[in-house]
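Beneath this line is the structure, given in structure tokens, with notes to follow.
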Amino acid sequence: MQIRPVTFRQACAFVLALHRHNKPPRGHKFSIGVEVDGVLVGVAMVGRPVARAFDDGLTAEINRTCTDGHRNANSKLYGASIRACKAMGYQRVITYTQADECGASLRGAGFVRIKDLVPRLSWADSSVKLKGIRDPIGNGGVGRTLWEVSFGGNTSPSP
């Protein structure tokens, strides 16, 4: 398995084709791919934290990972994303999983489970203005788990 840079467009197309419950994010800081024999088998998309409380300029969020099922591809993507974020000067990397996901790839990459979040409605449910872009399937009503890797420095506690 080889780590490769991928464009936002390539990563979005991969997620759109293979992710089991999420659409591609609307933007990113960078994306990383993993290839086997020259074939893309997974992507990670890293961006600003979705939660405003974490968007301090020193925290990055792995907004999406997606693989075709290749063994250890997800762990390799998480590890490469963490190393890239650290090299760029970020002090913390966060990500979320659905509550029923075990997080083995995250623990293998050094993430620590921070807290479980109760299910809530979609972020757009209360916005009439954004009604047209709502995902009809969405992820409302799904519990989540917050994970974190810190590199030291002054990281604020989780809200």
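The values are calculated or read from the model by the stated rules, or taken from the named source; none is laboratory data. Everything numeric in this text was worked out from a predicted model, so none of it was measured. Note: areas computed on protein heavy atoms with side chains; ligands, DNA, RNA excluded. Shrake-Rupley method; radii C 1.70, N 1.55, O 1.52, S 1.80 Å.
Compare ASP55, ASP116 by solvent-accessible area with a 1.4 Å probe and give them largest first, with all protein chains kept in place.
Putting ASP55, ASP116 in descending order of accessible area: ASP116, ASP55.
Want the number for LYS29 to MET88: 0.36 nm per residue separation, take away the alpha-carbon distance, what's left?
Extra length from LYS29 to MET88 when fully extended: 20.1 nm.
Which residues' amide hydrogens lie under 5 Å from the amide hydrogen of LYS29, considering only partners 5 or more residues apart or on another chain, with H built in the peptide plane?
Residues meeting the criterion, in which the H sits 1.01 Å from N, are VAL46, GLY47, ARG48.
May I ask you to compute the full-extension gain from VAL39 to PHE8, defined as 0.36 nm times their residue separation minus their alpha-carbon distance, rounded to one decimal in nm?
My answer for the length gained is 9.5 nm.
What does the accessible area of HIS70 come to, in Å² to the nearest 10, when a probe of 1.4 Å is used?
For HIS70, the solvent-accessible surface is approximately 80 Å².
Rank these by accessible area, largest first, 1.4 Å probe: GLU61, GLU101.
My answer, sorted largest first, is GLU101, GLU61.
How would you classify the stretch 1-86 from its alpha-carbon gyration tensor, with a ≥ b ≥ c the square roots of the eigenvalues: rounded for a/c under 1.5, else prolate if a/b is greater than b/c, otherwise oblate?
prolate
Ordering ILE114, ILE32 from largest to smallest accessible area (1.4 angstrom probe), what's the sequence?
ILE114, ILE32
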